[in-house]
Amino acid sequence: MGSQKTKKEEQLLIQELKDSLSQSIDNEFSEAQLIQFLQANVWVVDDAKQQLMDTVNWRKEMNTDRLPVATKHNKLPLLVACRGYKYIEDANFSVQPELSESVIRIANCIGGDCFHKFDKEGHPILIDRTGYHNTKEMGNNVTTAEITNYQISANEFLNRVIMPEGCERAGKPIHSETIIFDCTNMSLWQFHMNAMYHLKAIAEIVQHYYPETLHRLFIVNAPSAFVVMFKTLAKIHVLGSNFQSVLLEYINAEDLPDFLGGKCTCKHMPGGCVPIIAQKSKDKFVATDKNDKVPTVYNSQIMEAAIHDDELCKLSPESMPSTTCYD
Ligand SMILES: [Zn+2]
């Protein structure tokens, strides 16, 4: 990616960005945030500044800071299953009255997703049963607005509830995740056109407003066509069926599910490490009349309450990690 910068050159560019921002905007930014946006823009200060300002404006317009996120204290239901974290209890997705009807429809299309522990460097791991996604249903029965809201809420949950623990573990700011796509069960019909439009909409939001949040992506059990199709980027490892030793370089065996070559089984949870969402229609999640038909992930009452209630939006002050995570 272009010419490598020395530490000294980087420090100068960080300071230049900081000075330039202070003339245009009141917000305070951590050094980690400045670096994140500089890296996303190959260290071009003007571009990094533009993207940061766009992000601040977008967050203001969308009121993103007031989106509710599930924590151990507020007991909001999870959007994505979680295993092994301090600030959120282990749980699977289930139908709860606080959720919207749209998020239940989305959950029925997702093959199985789980935030599962941390890698060796302190980055949270998201494991995705990509091969079990019902992309056709996702394309036809879910709107772009619904899937976009879902993605934003999942990002906010990750940043506010799981990343702080990653920072504590690593002893430095952590803002990116390690993702494992397991292609087991994948077939060509999953490349459904409408689903691809959704994917494009999501990718645009993530690239623009959550830059540099991918630490590493492993695509395992990849069909051979896939291995050829993907460009070899340092961050992306496309692996066939012999992936175990590669994953174990980055993730401790006790933190990696056994079906991916590790030792974890999460026996204490129904479905184990990454529950596969029901494939048969009789086993699907069913919304009730408590689940509002709104495009947000939680029902209207929760969304409105979160505007004034900090408890619904962030970790409680007593559980906040030390400030070292944010510089
Ligand atoms: Zn596990």
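Backbone amide hydrogens, once placed in the peptide plane, bring Leu99 within less than 5 Å of Asn299, excluding anything fewer than 5 places away on its chain.
Result for the chain in a Gaussian network model with C-alpha springs under 10 Å: among Lys49, Lys235, Lys267, the largest mean-square fluctuation is at Lys267. Around the amide H of Phe93, modelled in the peptide plane, lie the amide H atoms of Ala81, all under 5 Å away and 5 or more residues distant in sequence or on another chain. Cβ-to-Cβ counts within 10 Å put Ser319, Ser300 in ascending order as Ser300, Ser319, the fewest first. Counting only Cβ charges, +1 for Lys and Arg and -1 for Asp and Glu, the dipole size of the chain around its Cα centre is about 980 debye.
Each DSSP beta bridge with both residues in the stretch 68-316 is either parallel or antiparallel, and the antiparallel ones are about 25%. For the cross-link pairs Lys72/Lys293; Lys200/Lys263; Lys5/Lys263; Lys172/Lys314; Lys293/Lys314; Lys72/Lys267, the ones whose C-alpha atoms lie over 28 Å apart are Lys200/Lys263; Lys5/Lys263. Checking the Cα-Cα distances for Lys75/Lys284; Lys8/Lys60; Lys7/Lys120; Lys75/Lys117 against a 28 Å cut-off, the pairs over it are Lys8/Lys60. Starting from the Cα gyration tensor of the stretch 7-62, take the square roots of the eigenvalues, sort them a ≥ b ≥ c, and report rounded, prolate or oblate (rounded when a/c is under 1.5, otherwise prolate if a/b is larger than b/c, else oblate). Note, shape of the stretch 7-62 comes out prolate.
Calculate the dipole size of the stretch 1-119 relative to its Cα centre from +1 charges on Lys and Arg beta carbons and -1 charges on Asp and Glu beta carbons; express the result in debye to the nearest 20.
About 400 debye.
Among Val42, Val238, the ranking by other beta carbons within 10 Å of each residue's beta carbon, starting with the fewest, stands as Val42, Val238. Computed from backbone phi, the HN-Hα couplings of the stretch 125-137 come to 10, 9, 10, 10, 7, 3, x, 9, 4, 9, 5, 5, 5 Hz, rounded to whole numbers (Karplus: 6.51 cos²θ - 1.76 cosθ + 1.60, θ = phi - 60°; Gly and Pro given as x). Across the options Gln33, Gln51, Gln23, the greatest Cα extent toward the positive end of the charge dipole of the stretch 7-62 (unit charges at beta carbon of Lys, Arg, Asp, Glu) belongs to Gln33.
In sequence order, the stretch 89-97 has phi-based couplings of 6, 4, 7, 9, 5, 8, 6, 10, x Hz under the Karplus curve 6.51 cos²θ - 1.76 cosθ + 1.60, θ = phi - 60°, and Gly or Pro positions carry x.
Quick note: the coordinates plus some simple rules give every number you see, no bench work behind them. Predicted model only: the values in this text are computed from it and were never measured. Because the Cβ atoms are built from the backbone with ideal geometry, glycine has one as well, and the counts that use them run over all protein chains shown.
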